[in-house]
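Notes follow once the structure below has been shown.
The values are calculated or read from the model by the stated rules, or taken from the named source; none is laboratory data. The shown structure was predicted, so the numbers you read here are calculated from the model rather than taken from an experiment. All Cβ positions, even for glycine, are placed from backbone atoms using ideal geometry, and neighbour counts span all protein chains on display. Ligands, DNA and RNA are stripped out before the accessible areas are found, and what is left, the full protein with its side chains, is counted by its heavy atoms. Shrake-Rupley method; radii C 1.70, N 1.55, O 1.52, S 1.80 Å.
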Amino acid sequence: MSRLSESRISHLAHLIMDGLRKDRLADFPQEGRALAETKQVLNEFFQREDQLDDVVRQKIQSLSRHVPVGSREWDIMYRKYYEEEIRKQKK
């Protein structure tokens with residue numbers, strides 16, 4: 001489940017569509033459908049991000065020693081494991 005509320009997802013979807021319209025990159029003859037699809041894509045994206053975040057945090061927590069959240073070491077490990085997980089998903 002995405003950590004963003006439905007109203008925030010909706011707000012982002014509107015901003016995306018407004019930006020595309022303003023820059024004349026897209027026209028939305030069926031605006032309701034376009035908005036629904038944009039929200040769906042955003043929801044799926046944030047759900048994948050949440051799942052990835054959970055996997056990475058679990059990996060760090062499973063280490064034999066404690067690495068404090070927010071420490072420089074934790075940040076470095078988080079980025080490393082995050083990139084590894086993204087590479088795994090692309091295969």
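Going by what's in this entry, would LEU63 be described as out of contact with any Cys (no Cβ under 8 Å at 6 or more places or on another chain), in a loop (DSSP other than H, G, I, E, B), farther than 20 Å from GLU6 by Cβ and open to solvent by 80 Å² or more (accessible area, probe 1.4 Å)?
Details: out of contact with any Cys (no Cβ under 8 Å at 6 or more places or on another chain): yes; in a loop (DSSP other than H, G, I, E, B): yes; farther than 20 Å from GLU6 by Cβ: yes; open to solvent by 80 Å² or more (accessible area, probe 1.4 Å): no.
Against the criterion (out of contact with any Cys (no Cβ under 8 Å at 6 or more places or on another chain), in a loop (DSSP other than H, G, I, E, B), farther than 20 Å from GLU6 by Cβ and open to solvent by 80 Å² or more (accessible area, probe 1.4 Å)), LEU63 does not qualify.
Can you list residue pairs whose Cβ atoms sit under 8 Å apart, with the first residue in the range 5-17 being closer than 11 Å to GLN40 by Cα and the second being among the aromatic types (Phe, Trp, Tyr)? Count only pairs 6 or more apart in sequence or on different chains.
If the second residue must be among the aromatic types (Phe, Trp, Tyr), the pairs left are ILE9/PHE46.
When only residues in the range 1-25 that are part of a helix (DSSP H, G or I), in contact with a helix residue (DSSP H, G or I) (Cβ under 9 Å, 6 or more places away or on another chain) and small (Gly, Ala, Ser) count, which is surrounded by the most Cβ atoms within 10 Å (Cβ to Cβ)?
Per the stated criteria, the residue is ALA13.
For the structure I just gave you, tell me whether GLU49 is closer than 24 Å to ILE86 by Cα and not hydroxyl-bearing (Ser, Thr, Tyr).
On the way: closer than 24 Å to ILE86 by Cα: yes; not hydroxyl-bearing (Ser, Thr, Tyr): yes.
Yes.
Among GLN89, GLN40, which is the only one that is open to solvent by 100 Å² or more (accessible area, probe 1.4 Å), among the polar types (S, T, N, Q) and part of a helix (DSSP H, G or I)? Quick ask: steps written out before the conclusion?
Working: GLN40 fails: open to solvent by 100 Å² or more (accessible area, probe 1.4 Å).
Step by step, each of GLN89, GLN40 is checked, and only GLN89 is open to solvent by 100 Å² or more (accessible area, probe 1.4 Å), among the polar types (S, T, N, Q) and part of a helix (DSSP H, G or I).
This table checks each residue for (1) among the aliphatic types (A, V, I, L, M); (2) free of Cβ contacts under 8 Å to residues at least 12 places away in the same chain; (3) in a helix (DSSP H, G or I); (4) farther than 19 Å from ARG3 by Cα.
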| site | (1), (2), (3), (4) |
| --- | --- |
| PHE28 | no, yes, no, yes |
| LEU35 | yes, no, yes, yes |
| GLU44 | no, yes, yes, no |
| GLN51 | no, yes, yes, no |
| GLU73 | no, yes, yes, yes |
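Looking for something of a type in the set (Lys, Arg) and open to solvent by less than 100 Å² (accessible area, probe 1.4 Å) - is there at least one such residue anywhere in the range 71-86?
No: the range 71-86 contains no residue that is of a type in the set (Lys, Arg) and open to solvent by less than 100 Å² (accessible area, probe 1.4 Å).
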